[in-house]
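The values are calculated or read from the model by the stated rules, or taken from the named source; none is laboratory data. Since this is a predicted model, take the numbers as computed values, not measurements. Virtual Cβ from ideal backbone geometry, glycine too; neighbours counted across all protein chains shown. Quick note on the areas: whole protein, heavy atoms, side chains included, nothing else; ligands and nucleic acids left out. Shrake-Rupley method; radii C 1.70, N 1.55, O 1.52, S 1.80 Å.
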Amino acid sequence: MSAPLGIGIIGCGNISTTYFELAPLFCGMEVRACADLNMEAARASAGKYGVAAQSVDDLLANSAVDIVVNLTVPEAHAGVTAAALEAGKHVYTEKPLALSLDDGLALKALADAKGLSVCSAPDTFLGGAHQWARRLIDEGRLGTITAGTAHVMSHGMEHWHPNPDFFFKPGAGPVLDIGPYYIANLIHLIGPVRRVAALANSAEAVRTIGSEPRRGEKIAVETPTNIHALLEFESGATVTLGASWDVWAHRHRNMELYGTEGSLFVPDPNFFGGTVELSGRDGRLSVPQPFDHPFGVPNQDHGGTALANYRGAGLADMAKAIREGGGARCSLDRALHAVDVMTGILRSAEAGTFVVMRTRCTRPDPLGPDQARALLKD
């Protein structure tokens, strides 16, 4: 077996804990260094997880780092990814790939010119539940998918996040922040999008932080927080997407797909596991016996609820593709298409017209149980 690829993490904020703690589950890679503009944060993470703390420049010059994991704030994603590519590093970035399609296209041009790989979260569509949904679709259990709905709705993050400001600024909002999970899964299940249309507004011009240590501070809302979109896929399927942080309660399922032979109920794409339900033409719901997929097995406790969390699976799949050849499932083309879809939704809401996608991609290959186990350490 070839030597593991070295991982360098840039950005030691909240999300970095997930990567530090879950990366050791996977073979073919190891975290070797971390960096942050706040060196105290980098040193704290380095001490806790036994890696080197470096400045960003030093990490980019570190010959032991093959892949940079970009965990910076969204507005810095494109710039940090470009700097890593210029330094000769492959990049796996947190979502979204970029905040504009032009920035994403520039990253693609740079990666192609350098002969380097770029992949992007989310990788939750690699979870056992979503791979089981994919298997049912590929087996023809739904017939031809003609329509669907997807809903990601809550009352936002200011009541729990310690620094929620960026959620309400341009480049964030529910479409660019949570939307990537839903768009990635729809691409995985149905394929690329042809065009979109949307309406958008915001319930409040100002939000009040309810979490410590900034309880009571005010945040100006600078991006739509309530979006309703229509997605027309190249396959001909049409899906309604509701993305809102202005909803106190609702009864919408996360994702439903409707076909000529039945309906499929898919759990929250923000997570790897959950229950998949299926109906045939008789309309009776059942829970098909899923296959034994390792990325659907609960491995964490969240407030008394057992959840499957295998974030880093997309990074491990990328590392395998770099070492052995082949395509990575969280590929640049799919991440770029997702940016095209999400920014297209926002442009449509502003202009009041349909927006045709400028990019396209293929569905990723499914990740079966044996392929998933091959990504895990023995």
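General remarks:
- Against the numbered list (1) under 25 Å from L230 (Cβ atoms); (2) assigned to a loop (DSSP other than H, G, I, E, B), P298 comes up short only at (1).
- Considering the conditions (1) open to solvent by 10 Å² or more (accessible area, probe 1.4 Å); (2) out of contact with any Leu (no Cβ under 9 Å at 6 or more places or on another chain); (3) under 18 Å from Q371 (Cβ atoms); (4) in a helix (DSSP H, G or I), L315 is excluded by exactly one of them, (1).
- Residues that are hydroxyl-bearing (S, T, Y) and open to solvent by 70 Å² or more (accessible area, probe 1.4 Å) were ranked within the stretch 339-378; the one that is nearest to the chain's Cα centre (by Cα) is T362.
- Residues that are under 24 Å from G143 (Cα atoms) and without any contact (Cβ under 8 Å) to a residue 24 or more places away in the chain within the stretch 281-303 comprise R281, D282, G283, R284, L285, S286, V287, Q289, listed in sequence order.
- Taken over the stretch 57-86, residues that are closer than 19 Å to M29 by Cα, polar (S, T, N, Q) and assigned to a loop (DSSP other than H, G, I, E, B) amount to 2.
- Residues that are basic (K, R) and under 29 Å from D301 (Cα atoms) do occur in the stretch 248-262, at least one of them.
- Summed over the stretch 154-173, residues that are of a type in the set (F, W, Y), within 18 Å of H77 (Cβ to Cβ) and either open to solvent by 30 Å² or more (accessible area, probe 1.4 Å) or outside any helix (DSSP H, G or I) (or both) total 1.
- Annotation note: Cβ proximity below 6 Å between a residue of the stretch 244-256 that is touching a residue at least 40 places away in the same chain (Cβ under 8 Å) and more than 23 Å from M342 (Cα to Cα) and a residue that is assigned to a loop (DSSP other than H, G, I, E, B) and open to solvent by 50 Å² or more (accessible area, probe 1.4 Å) (sequence gap 6+ or interchain) occurs for no pair.
- Exclusive hit being part of a helix (DSSP H, G or I), open to solvent by less than 70 Å² (accessible area, probe 1.4 Å) and either more than 24 Å from T93 (Cα to Cα) or at pLDDT 95 or above (or both), set L278, L336: L336
- Selection within the stretch 232-265 - touching a Lys or Arg at 6+ places or on another chain (Cβ under 8 Å) and of a type outside the set (G, A, S): E232, F233, E234, E261, L264, F265
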